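Just below is one structure, and these are the notes that go with it.
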Amino acid sequence: MIPYGTTEGLTARISEYVADVVRSHGHEAESVDIGGAGVPRPDAYDAVIVGASIHMGKHEEYVLDFVRDNRDALERLPSAFFSVSMAAHDNPDEAEGYVEEFVRQTGWRPARVGLFGGALLYTHYGFIKRHMLKKIARDKGNPDTDTSRDYVYTEWDGVKHFVEEFLETLVPEAARDPRG
Ligand SMILES: Cc1cc2nc3c(=O)[nH]c(=O)nc-3n(C[C@H](O)[C@H](O)[C@H](O)COP(=O)(O)O)c2cc1C
């Protein structure tokens with residue numbers, strides 16, 4: 001199960017990609033929008049990778065609720081967490097701080113954590129958000145302030161690597177596909 005929270009949609013794309021990587025290794029995978037209706041409980045799955053993105057220093061509140069509600073299952077099952085933010089691209093200490101806050105607020109300390117670079121989707125934002133994000137980027141010394149285009153900082157190979165490392169902890173070596 002890959003339950004995720006997203007605000008502008010990038011974490012949904014990353015979760016789909018995570019599911020594709022899991023499937024390419026011969027397993028079933030389901031990416032689930034926690035913000036949607038009828039979210040299944042993780043108890044019925046063999047493993048869980050939770051994803052969320054950062055806005056104004058915080059992960060989506062409904063992801064925190066989901067994790068608090070399902071903490072027992074997340075601690076019992078093999079599980080991992082990934083956090084999507086601009087900071088993961090340009091300020092790793094800040095990105096780690098967001099995850100520490102998440103751990104403090106939920107009580108769940110995931111054994112494996114991925115920090116994935118987010119996006120500046122200027123062309124999708126409304127007027128205010130566009131100018132706010134441009135100012136934030138400029139203040140942080142990020143040169144990507146051309147609001148007529150989008151910038152995606154996600155390193156997809158890093159996402160793949162994170163998922164494959166997680167899978168290696170689940171599958172006994174003898175059962176692994178020798179072609180990788
Ligand atoms: C209004 C807004 C606020 C943001 N605040 C932060 C922030 O405080 N720290 C950060 O590292 N990234 C911040 N970001 C960048 C997002 O984490 C990034 O755009 C990410 O790709 C969003 O993922 P999503 O599309 O799944 O919601 C912000 C983005 C927006 C639009």
(request) Determine, for VAL152, VAL67, VAL32, the number of other Cβ atoms within 10 Å of each Cβ, and report the residues in order from fewest to most. (result) VAL152, VAL32, VAL67
(message) Under a Cβ-only charge scheme (Lys and Arg +1, Asp and Glu -1), can you give me the dipole magnitude of the range 1-68 about the Cα centre, in debye to the nearest 20?
(response) 120
(request) Please work out whether the range 105-169 counts as rounded, prolate or oblate from its C-alpha gyration tensor, where a ≥ b ≥ c are the square roots of the eigenvalues and a/c under 1.5 means rounded, while otherwise a/b larger than b/c means prolate and anything else oblate? (result) prolate
(request) Place +1 on the Cβ of every Lys and Arg and -1 on the Cβ of every Asp and Glu in the range 78-160, take the dipole about the Cα centre, and give the residue among SER79, ASN142, THR123 whose Cα lies farthest towards its positive end. (result) THR123
(message) Once you order the gyration tensor axes a ≥ b ≥ c over the Cα atoms, which shape class does the chain get: rounded for a/c under 1.5, otherwise prolate or oblate by comparing a/b with b/c?
(response) prolate
(message) As an exercise, use a Förster radius of 30 Å and the Cβ-Cβ distance of ALA44 and GLU8 to find the FRET efficiency, rounded to the nearest 0.05.
(response) 0.55
(request) Just check the range 56-122 against the gyration tensor rule for me: Cα atoms, a ≥ b ≥ c as the square roots of the eigenvalues, rounded for a/c under 1.5, and otherwise prolate or oblate depending on whether a/b exceeds b/c. (result) prolate
(request) Note down the nm distance, to one decimal, between modelled labels 7 Å out along Cα→Cβ at ARG104 and at ASP157. (result) 3.6
(message) Between LEU170 and GLU96, what's the calculated FRET efficiency when r is the beta-carbon distance and R0 is 22 Å? Round to 0.05.
(response) 0.30
(request) Can you tell me the dipole magnitude for the chain around its Cα centre, using point charges on the Cβ only (Lys, Arg +1; Asp, Glu -1), in Debye to the nearest 20? (result) 480
(message) Using 0.36 nm times the number of residues separating ASP150 and LYS58, minus their current alpha carbon distance, what extension gain do you get?
(response) 30.9 nm
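All of the numbers you see were taken from the coordinates with simple rules; none came from a lab. Keep in mind it's a predicted model, so treat the numbers as computed, not measured. Reconstructed Cβ throughout: ideal geometry from the backbone, glycine too, with neighbour counts over all protein chains shown.
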